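First up is the structure itself, then whatever we jot down about it.
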Amino acid sequence: MSEQAGRSTTLFFDLDGTLTDPKEGITRCLQYALAQLGRPVPPQAELVQYIGPPLRWTFPRLLASDDKVLVDAALEHYRRRYADVGLFENELYAGIPELLRTLRNDGFRLFVVTSKPAVYAERIIDHFELTEYFEEVFGPHLDGRFDDKSELVAHILRERAITPERAIMIGDRARDILAGKANGTRTLAVTYGFGSMEELAAANPDRICHSPTEIRDALRRPPGRTPAGH
């Protein structure tokens, strides 16, 4: 994609599973919360599937209960460990800093759009020294406002006066792709995160990429829909 085209395009990057690998921190914090409530603690491998969705969606499933008091208690335990320890049990995927630097230099506008509360997402972006690449970091409020990613994307498009057709939602879960499609953006799915190929293909993104390098190459091509997986 040409530099001029880049300047007209806004990129919404998911965080977990797209920019960073948070598996260790998130699964350990889920285990901690369940243990504090005296509930069975699944192994980390079983908890990986819950990376991505909001915790208010995850805990009712792990607890087999919609009881608000119980879910709120689980959230409190999770956040107690996450804020001090789990947030930093995290690592960048190889090639991400180079990708972001290239895209910024090509003239793209970059935003983080995550299901992780913004207060934590901002700390992670700062910790990995990525702040300079992003205009802003968007995520839900701690009270649950904008837990629905489609609502979050709609809010950003409206508040920042971004034309949906000039925006691309990039993420590793079907929720990311569906949130973009619901708001009229183009979509790009990545396979190196936590969504399976079946999950991503079913969401029908405009493109599927297998590495940060493929993201760079796809975005540098002229705009327009490319069949998923090609």
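The values are calculated or read from the model by the stated rules, or taken from the named source; none is laboratory data. The model shown is predicted, which means the values in this text are computed figures rather than measured ones. In this analysis, Cβ positions are derived from the backbone assuming ideal geometry, glycine residues included, and neighbour counts consider all displayed protein chains.
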Item to check | Selected residue (criterion: nearest to residue 143 (Cα to Cα)) from residues of region 98-118 that are touching a helix residue (DSSP H, G or I) at 6+ places or on another chain (Cβ under 8 Å) and in a helix (DSSP H, G or I) | outcome: 100
Item to check | Residues of region 161-190 satisfying the condition of being touching a helix residue (DSSP H, G or I) at 6+ places or on another chain (Cβ under 6 Å) and either part of a loop (DSSP other than H, G, I, E, B) or aliphatic (A, V, I, L, M) (or both) | outcome: 169, 174, 177, 178, 179, 182, 183, 184, 185, 189
Next on the checklist: Looking at region 139-187 only, could you name the residues that are in contact with a His (Cβ under 9 Å, 6 or more places away or on another chain) and either assigned by TED's automatic domain parsing to the domain that holds residue 57 or free of Cβ contacts under 8 Å to residues at least 40 places away in the same chain (or both)?
Outcome noted: 146
Next on the checklist: Please determine whether any residue of region 82-100 is among the hydroxyl-bearing types (Ser, Thr, Tyr), buried (at least 19 other Cβ atoms within 10 Å of the Cβ) and not assigned by TED's automatic domain parsing to the domain that holds residue 166.
Outcome noted: yes
Next on the checklist: Looking at region 135-150 only, could you name the residues that are aliphatic (A, V, I, L, M) and surrounded by fewer than 21 Cβ atoms within 10 Å (Cβ to Cβ)?
Outcome noted: 142
Checklist entry - Considering only residues of region 132-147 that are touching a Lys or Arg at 6+ places or on another chain (Cβ under 9 Å) and of a type in the set (Asp, Glu), which is modelled with the lowest pLDDT? => result 147
